[in-house]
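Step one of this worksheet: look at the structure below.
The values are calculated or read from the model by the stated rules, or taken from the named source; none is laboratory data. The structure displayed is predicted, hence computed values, not measured ones. Cβ: placed from backbone, ideal geometry, glycine included. Neighbour counts: every protein chain shown. Just so you know, the surface numbers come from the protein's heavy atoms only, side chains and all, with ligands and any DNA or RNA stripped out. Shrake-Rupley method; radii C 1.70, N 1.55, O 1.52, S 1.80 Å.
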Amino acid sequence: MIIQNRKFYSFFLCILILLISVAGCGGNGSSGDKGGNNDQVNGSDSTAPTIPQSLTATTSSSTQIDLSWDASADDVGVTGYNIYRCAGSCTPTTFLTTSTTNSYSDTGLAADTPYTYTVSAYDAAGNESGESDGVSGTTLASAVGDVYYVSPSGTASWTQCTDINTPCSFSTANVNAIAGDTVNFRAGTYSGTKLEPSNSGTAQNKITFQAYNGETVTINNVQSDDGALHLNGVDYTVIDGIIFDNNWRMAHIEGGSNYNEIKNCTFSNSVTGHKGGFYLYTLYATVQTANTHNWIHDNVMHNAGYITETCNDEGALIDIGTDAAYDDDLSGYNTFEDNILYYGSHHALSAKTKYNVIRNNFIHNEAGFPASSACEAALSVGPSGEYGNRVLAIYDDQDTGTPDTYVLIENNRLGEAGFPSDGNGAFNLVIGGGRVIVRYNTLYNSPDTNLYFRSSGMTGDDNRVYNNTFYRSGYNSSSRTSNGWTRRGVWVQANAEDNVMINNIIYDNINNNELYVDPTVVNFTNTNNWITSTGDPKFVDTDLSDSTSSTTPNLSLQSGSGAIDAGTYLTQANGSGGNSTTLVVDDALFFQDGTWGSSLSNIQADYIAIGTVSNTVQISSIDYSTNTITLASPITWSDNTSIWLYKDSSGNIVLRGSAPDIGAYEYEN
């Protein structure tokens, strides 16, 4: 029997419990009374579980919505969850189903239809909690479009290449694919023709260009400044699983290209010759030609740029935005995640625009470019006789007042900056912009400096750097003090002001030179950072023998580390709140509200803990100008209450135990 009315369902449970309770009375402890002291059987467990929190509804397809929520608590134990649903923007009154876990996939739904859900928890005694706040999700519209096939030797017309046996040419697909179409590339090498769609997809019906069924598809020998992948004024395309190898330029996204997804691709070049990288910008951009909400993930990119005969490091691997001379500080709100990058001549990755998210990447830039014997720094190159350079750089080239880059750098491995051909700064991370959040990253083995707050030209002001690990810098390189560069764990240059560093590990840097702040710097906050003199933080594995390894060094903490539960709060409440959603704090710049990055990617608003590590709530929005955080649900706190980060932008819990750990990795037993 399926019970459709939730009131009848609750009434039915109550009658059942009453009958069980009556049946268990009067046994006088006889051998037939198996539960003489069982509170649940006797009906004395009257405490309901807590109401499920943080219910989310994620659209999966035109017929499916996925639900998830935080687990409830109960004095005896939660048995399961009741799920209620209604179609439209409404209050759910119809019982849908139960789930024994804190997630459920609702299938068989109508396309392009909104649904609203609530969830309650129940225990073995039949006690049911109140219902969660309602959430809504809308299924996707029914897919339109056709599937087409191309091959290196394809000659069929566009109408004929819906048949896998009669593929058309690559250039035919470029011109004809429209919203909803999927273009399958058959195995082989496509030489001299760039992937350059003429048309845009839509939010519901993207245009997909993909390698068919895991086949190896390579585009090479494209001799064009446009790039082997050229998105120019097109939206909602998906590029999936294609190799772009040895082209004049890897890729260029420009001309107002938005909401494009590039995934599972390889962009590579030979180390010799003038090879351009992956560029996301429009020269002399306007609002109409800015490139926003692009999602670049799960790719491998390597070898771009070159070294001149006069030792200049020209070009880079990835650029998001351009410098002031070309006026594109508008191409923001992009997400760059889960990529592997290495070997860029001036840098591996730079971002010069606002509201980008850079997370979960592995980037290294050790010596990989051939050295010229004419270069002044030739004696300082790596053992292989090659050059490297910066790993990640954040710049604000349009800085004319308060810096406001607003970039999230989270959970990246940034290592092995190589010594550059011009001798100018082998840094793992350069911050030349403002209001950047840097958290839960590992930076290691730079021959110069792991983190550099820049002041010349582009100033690194008002940034928040917390819970990172900076390990071992300044080794394997000759000193550069003769031209102004020195070797340090962290370097705060003159005029880089109002920066805050909290709960970081800065360990094992040459000559114990962990943190250098220029004496003229104003308002630098250095709070609760673990340095070499604090003691051994007890990392799991400090092996640096393989610069290409994504697992070593493993700078997570051993069980006996003194850094566990040794972290302090990030900010405090400025005033009390009783069952309120408006929280004013001393400093809101530690947090983000889920509006940064591409809306195609799953950037979740931060969860914070207020007062105690278990009093948690998700952020709804942030007004940085007033340090006001609007919460997703009401909560209570006292004035000057401590506030920590509880979940990051991926929804990962980063606070366990009695307090946060120091460093990039929260210890989990």
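Here are some notes:
- Verdict on residue 60 being closer than 30 Å to residue 653 by Cβ, surrounded by 13 or more Cβ atoms within 10 Å (Cβ to Cβ), of a type outside the set (Asp, Glu) and modelled with pLDDT under 95: yes
- In the set 551, 520, only one residue is hydroxyl-bearing (Ser, Thr, Tyr) and within 26 Å of the chain's Cα centre (by Cα); that residue is 551.
- Region 524-559: number of residues that are open to solvent by 60 Å² or more (accessible area, probe 1.4 Å), of a type in the set (Val, Ile, Thr) and either without any contact (Cβ under 8 Å) to a residue 24 or more places away in the chain or closer than 30 Å to residue 499 by Cβ (or both): 4
- Evaluating residue 618 against the criteria (1) buried (at least 21 other Cβ atoms within 10 Å of the Cβ); (2) in contact with a Gly (Cβ under 8 Å, 6 or more places away or on another chain); (3) not β-branched (Val, Ile, Thr) leaves one unmet condition, (2).
- Scanning region 393-427 for residues that are at pLDDT 95 or above and closer than 25 Å to residue 542 by Cα gives 409, 410, 411, 412, 413, 414.
- Test: residue in region 154-164 that is closer than 25 Å to residue 248 by Cα and crowded, with 18+ Cβ neighbours inside 10 Å: yes
- Residues located in region 68-118, provided they are of a type in the set (Phe, Trp, Tyr) and either in a loop (DSSP other than H, G, I, E, B) or open to solvent by 40 Å² or more (accessible area, probe 1.4 Å) (or both): 104
- Residue match in region 569-585 (condition: assigned to a loop (DSSP other than H, G, I, E, B) and closer than 18 Å to residue 441 by Cα): yes
- Of all residues in region 183-226, those satisfying the criterion of being assigned to a strand (DSSP E or B) and farther than 30 Å from residue 111 by Cα are 188, 189, 190, 191, 195, 217, 218, 219, 220.
- When residue 445 is tested against the conditions (1) part of a strand (DSSP E or B); (2) open to solvent by less than 10 Å² (accessible area, probe 1.4 Å), the lone failure is (2).
- From the list 126, 137, the lone residue that is part of a strand (DSSP E or B), at pLDDT below 95 and over 28 Å from residue 267 (Cα atoms) is 137.
- Region 46-56, subset under 28 Å from the mean Cα position of the chain (by Cα) and closer than 16 Å to residue 98 by Cα, residue surrounded by the fewest Cβ atoms within 10 Å (Cβ to Cβ): 55
- Selection over region 227-272 of residues that are part of a strand (DSSP E or B) and closer than 24 Å to residue 145 by Cα gives a count of 11.
- Near pairs, Cβ below 9 angstrom, 6+ apart or cross-chain, from region 443-463 (at positive phi) to any residue that is assigned to a strand (DSSP E or B) and of a type in the set (Val, Ile, Thr): 462/500
- From 136, 132, residue being in contact (Cβ under 8 Å) with a residue 40 or more places away in the chain, small (Gly, Ala, Ser) and open to solvent by 60 Å² or more (accessible area, probe 1.4 Å): 136
- Selection over region 403-442 of residues that are in contact with a helix residue (DSSP H, G or I) (Cβ under 7 Å, 6 or more places away or on another chain) and open to solvent by 10 Å² or more (accessible area, probe 1.4 Å) gives a count of 1.
- Annotation: of all residues in region 628-649 being open to solvent by less than 40 Å² (accessible area, probe 1.4 Å) and among the polar types (S, T, N, Q), the one that is farthest from residue 590 (Cα to Cα) is 633.
- From the list 566, 588, the one residue that fits, being in a loop (DSSP other than H, G, I, E, B) and either more than 25 Å from the chain's Cα centre (by Cα) or surrounded by fewer than 21 Cβ atoms within 10 Å (Cβ to Cβ) (or both), is 566.
- Residues that are surrounded by fewer than 15 Cβ atoms within 10 Å (Cβ to Cβ), of a type outside the set (A, V, I, L, M, F, W, C) and within 31 Å of the chain's Cα centre (by Cα) within region 139-150 comprise just one, 142.
- Residues located in region 618-634, provided they are touching a Leu at 6+ places or on another chain (Cβ under 8 Å) and hydrophobic (A, V, I, L, M, F, W, C): 619, 629, 631
- Considering residues of region 298-314 that are among the β-branched types (Val, Ile, Thr) and surrounded by fewer than 21 Cβ atoms within 10 Å (Cβ to Cβ) only, the residue farthest from residue 246 (Cα to Cα): 310
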